[in-house]
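Structure first, then comments.
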Amino acid sequence: MYTILVDRSCLALQLRPGDIVRCRQGALWLTAETRERCNDDVVLAQGDCYRVTARGSYFISAPGGEPALCAIDASLRIQSATRRTSSRGWSLAWISQ
């Protein structure tokens, strides 16, 4: 399980079916861009979770300006790439299990 502090900036994750996004604190805005769907938006409140059903890019941010705590349960995966947006563009970070 990965735990990420999410703020207003958009965090891009490559997720797979079976992965679970959990909102541990605050609120999360999740946008899914997959082959099956484009721009499928979900808002998670504290305690809510979202089970990924299709491989693709998932964009997470914290609406309202308050930071949120997000947990990702990544099933059977060794590495996951994340990208964070900023005023300077995208940066890439790797998270390893």
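The values are calculated or read from the model by the stated rules, or taken from the named source; none is laboratory data. Computed from a predicted model, the values in this text were never measured in an experiment. As a convention, Cβ positions derive from the backbone with ideal geometry for all residues, glycine included, and neighbour counts pool all protein chains shown.
Some points to look at:
- Some residue of segment 40-59 being at pLDDT 70 or above, among the β-branched types (Val, Ile, Thr), in a strand (DSSP E or B) and under 12 Å from the mean Cα position of the chain (by Cα): yes
- Members of segment 31-60 that are surrounded by fewer than 17 Cβ atoms within 10 Å (Cβ to Cβ) and within 17 Å of Ala71 (Cβ to Cβ): Val42, Val43, Ala45, Gln46, Gly47, Asp48, Cys49, Arg51
- When we screen Leu13, Leu28 for residues that are surrounded by 12 or more Cβ atoms within 10 Å (Cβ to Cβ), assigned to a strand (DSSP E or B) and either among the acidic types (Asp, Glu) or touching a helix residue (DSSP H, G or I) at 6+ places or on another chain (Cβ under 9 Å) (or both), the only hit is Leu28.
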